[in-house]
Amino acid sequence: MTSPTIETLLTRRSTKAVCAPGPKPKDLKRIMQAAVCAPDHGGLQPWRYAVIRGDARTRFADMMMEAVKRSGDKRMTPDKEKSVRAWIDDVPVLIAIAQHMDHDNTKIPESERLLAVGASVMNMLNAAHALGYGAFWSTGLGTYVEDVQDALGFDALDYKFLGFLAVGTLVHELKPIERTPYKKFFKEWTGPHETAPLE
Ligand SMILES: Cc1cc2nc3c(=O)[nH]c(=O)nc-3n(C[C@H](O)[C@H](O)[C@H](O)COP(=O)(O)O)c2cc1C
């Protein structure tokens, strides 16, 4: 049986090469709605997002560059700065991604909450692809610089900052890529300490 949903899942690819226009408002809403349809043990809804678009992208780029330079990161050479700024200028919508730490909750292990946020972002990647947009999860752009996280409203005490999702119009048509055969990662469990290759 063929299904458009399975085709979407099997053809998804990340792409950094996106441009304006950004997703139509109704499509962006659906992408964000997909984010809250992720599995989530304990109903903690640990995903938090900040949408950066329009003129705010320049303010974000200025803030991020200053913070990265202040942090002493020597990799931010003038050439690198130029290319990063050009990318931010091209990307119509950036979504900053964070996990709310919810320190008072001791019932659900932290790893499970992190996985819930990962699943939430994955839903957005798939939704963007299903709607014909390009998307890319990046942990560049000062993700690990505390002043950047802080300025985005995700202070390190209460949040784990997890990067940015770039979404926009595809610059090039996405060509299918060959994925590693799934059998490499699956085995058949047949009994305690007994496994066999998956047929
Ligand atoms: C949490 C996370 C952070 C990532 N950060 C970066 C990054 O900063 N730079 C980069 O080139 N790729 C990064 N990637 C990888 C790309 O988003 C993408 O998954 C990869 O290029 C493989 O493409 P595919 O999704 O089509 O398999 C990251 C992926 C994940 C899951």
* To do: Among the residues of the range 65-76, count how many are of a type outside the set (A, V, I, L, M) and surrounded by 10 or more Cβ atoms within 10 Å (Cβ to Cβ).
  => 5
* **Residue check, Trp137 open to solvent by 50 Å² or more (accessible area, probe 1.4 Å) and either in contact (Cβ under 8 Å) with a residue 40 or more places away in the chain or in contact with a His (Cβ under 9 Å, 6 or more places away or on another chain) (or both)** => yes
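For every residue, the table says whether it meets (1) out of contact with any Cys (no Cβ under 9 Å at 6 or more places or on another chain); (2) open to solvent by less than 60 Å² (accessible area, probe 1.4 Å); (3) of a type in the set (Ser, Thr, Tyr).
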residue: Asp155; (1), (2), (3): yes, yes, no
residue: Lys160; (1), (2), (3): yes, no, no
residue: Phe164; (1), (2), (3): yes, yes, no
residue: Leu170; (1), (2), (3): no, yes, no
residue: Glu173; (1), (2), (3): yes, no, no
residue: Ile177; (1), (2), (3): yes, no, no
residue: Lys183; (1), (2), (3): yes, no, no
residue: Leu198; (1), (2), (3): yes, yes, no
* What are the residues in the range 95-112 that are of a type outside the set (Val, Ile, Thr), within 15 Å of Tyr49 (Cα to Cα) and in contact (Cβ under 8 Å) with a residue 60 or more places away in the chain, if any? -> Ala96, Ala98, Gln99
* To do: May I ask you to list pairs of residues, at least six apart or on different chains, whose Cβ atoms are under 6 Å apart, with the first in the range 24-49 being touching a residue at least 12 places away in the same chain (Cβ under 8 Å) and the second being in a helix (DSSP H, G or I) and of a type in the set (S, T, N, Q)?
  => Ala34/Asn123; Ala35/Ser120; Ala35/Asn123; Cys37/Asn123; Ala38/Ser120; Ala38/Asn123; Trp47/Ser120
* In the range 84-92, is there at least one residue being aromatic (Phe, Trp, Tyr), within 21 Å of Ser14 (Cβ to Cβ), in contact (Cβ under 8 Å) with a residue 24 or more places away in the chain and open to solvent by 10 Å² or more (accessible area, probe 1.4 Å)? -> yes
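The values are calculated or read from the model by the stated rules, or taken from the named source; none is laboratory data. Because the structure is predicted, anything quoted here is derived from the model rather than measured. Virtual Cβ from ideal backbone geometry, glycine too; neighbours counted across all protein chains shown. Heavy atoms of the whole protein, side chains included, go into the accessibility calculation; ligands, DNA and RNA do not. Shrake-Rupley method; radii C 1.70, N 1.55, O 1.52, S 1.80 Å.
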